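Undergrad: First the structure, then my questions, so here it is.
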Amino acid sequence: MRRRFTVASFSLAVALGCGTLPAAAAAPAGPGRSVAVVNALAAPDVDVAKVRAHLSELSAIAGRNGGNRRSTTQGYLDSVAYVKGKLQAAGYTVTEQPCTSGCTRGAGPNLIAEWPQGDANNVYMFGAHLDGVSAGPGMNDNGSGSAALLENALALAQQNPAMRNRVRFAWWTDEEQGLNGSDFYVRSLSSTQRSRVRAYYNFDMIASTNGGYFINRITSSAAAPMKAYWDSLGLRPEENTEGAGRSDDYPFQQAGIPTSGYAMGAGARKTSAQATKWGGTAGSAYDPCYHRSCDTLANIDTTGLNRAADGIAHTLWQQAVS
């Protein structure tokens, strides 16, 4: 997640309706509806060990490339190649989108992957920035979001359910330098293409070791399935005020596209009330290694990562699976 800058408030142009029950409860068995059908409609339990395996690969890539995965480095290009290879093998239509304006000179491409099923006029996007800062390998910021998104994409391909709507995944370049990759992508869409994107979900820093459970635009219709899942775990999530305007959901929001997403916090400090509710240390940063060299594999809260990965799956299934 990039550091804070001042933003103006922006109202969503579109409100979406969606279910609010956890996926397993959204379609109860009843007359003419077998338990097998109900289970088939439920979102998968995303294997957090596989998410951590992707993080280990990103860490190794950083280690081979000067210790970081900044957007202008070979470390970033190798990260793109790793994610792209996994997606292509799973059957995705994958595109590298060069950022030809607005990005830092030498920045690598955005990576866009679309599952080729579902109504192409109703697209739900899920994104995370793949680049990091030069100070370290960027495992929480934002290997965590990138890895969870990748495993969700692979889980969708493996399950291969009937799709009601289209799902598009994105791994953004140059976020740390100013949300540049996602901004370029949104600017590159025609008005018709923008109108087809029903919601964009962003995942940036979802494994903070002293984290909280935060949702972007928590009261919006787009956020409803995300909040419902964390509510079902008794987490009592809060609005992501620290992250407002600081990550890749912001260009979509500016374009009038409904947005939401998960986060667990960056450099802001946990309050006493939050520590009572979620555990952790009051008065300390949500991520004590934010933008530092210690943002390594040791800087990952596996429990939070698991809850976010499963919440992504729940949201994806609610919004797009038939």
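Undergrad: Need the failing condition index for E242 against (1) within 24 Å of T219 (Cβ to Cβ); (2) open to solvent by less than 20 Å² (accessible area, probe 1.4 Å); (3) assigned to a loop (DSSP other than H, G, I, E, B), just the number.
TA: (2)
Undergrad: Quick check, is I300 open to solvent by less than 10 Å² (accessible area, probe 1.4 Å), among the hydrophobic types (A, V, I, L, M, F, W, C), touching a Leu at 6+ places or on another chain (Cβ under 9 Å) and touching a residue at least 24 places away in the same chain (Cβ under 8 Å)?
TA: Taking the combined requirement at face value, the residue does not satisfy it.
Undergrad: Further question: Here are the criteria: (1) among the aromatic types (F, W, Y); (2) at pLDDT below 95; (3) surrounded by 21 or more Cβ atoms within 10 Å (Cβ to Cβ). Tell me which single one F5 does not satisfy.
TA: F5 satisfies all of (1) among the aromatic types (F, W, Y); (2) at pLDDT below 95; (3) surrounded by 21 or more Cβ atoms within 10 Å (Cβ to Cβ) except (3).
Condition check ((1) touching a helix residue (DSSP H, G or I) at 6+ places or on another chain (Cβ under 7 Å); (2) closer than 30 Å to Y229 by Cα; (3) modelled with pLDDT of 95 or more) across all residues:
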| site | (1), (2), (3) |
| --- | --- |
| V37 | no, yes, no |
| D45 | yes, yes, yes |
| L58 | yes, yes, yes |
| P109 | yes, no, yes |
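Undergrad: Residue under question is A266, and the condition is that it be assigned to a loop (DSSP other than H, G, I, E, B) and farther than 30 Å from S59 by Cβ; does it hold?
TA: no
Undergrad: Here is a follow-up. Looking only at region 105-152, count every residue that is over 18 Å from K86 (Cα atoms) and of a type in the set (G, A, S) and tell me the total.
TA: Selection size over region 105-152: 10.
Undergrad: A81 passes all but one of (1) touching a Leu at 6+ places or on another chain (Cβ under 7 Å); (2) farther than 25 Å from A320 by Cβ; (3) open to solvent by 50 Å² or more (accessible area, probe 1.4 Å); which number fails?
TA: (1)
The values are calculated or read from the model by the stated rules, or taken from the named source; none is laboratory data. Keep in mind it's a predicted model, so treat the numbers as computed, not measured. All Cβ positions, even for glycine, are placed from backbone atoms using ideal geometry, and neighbour counts span all protein chains on display. Quick note on the areas: whole protein, heavy atoms, side chains included, nothing else; ligands and nucleic acids left out. Shrake-Rupley method; radii C 1.70, N 1.55, O 1.52, S 1.80 Å.
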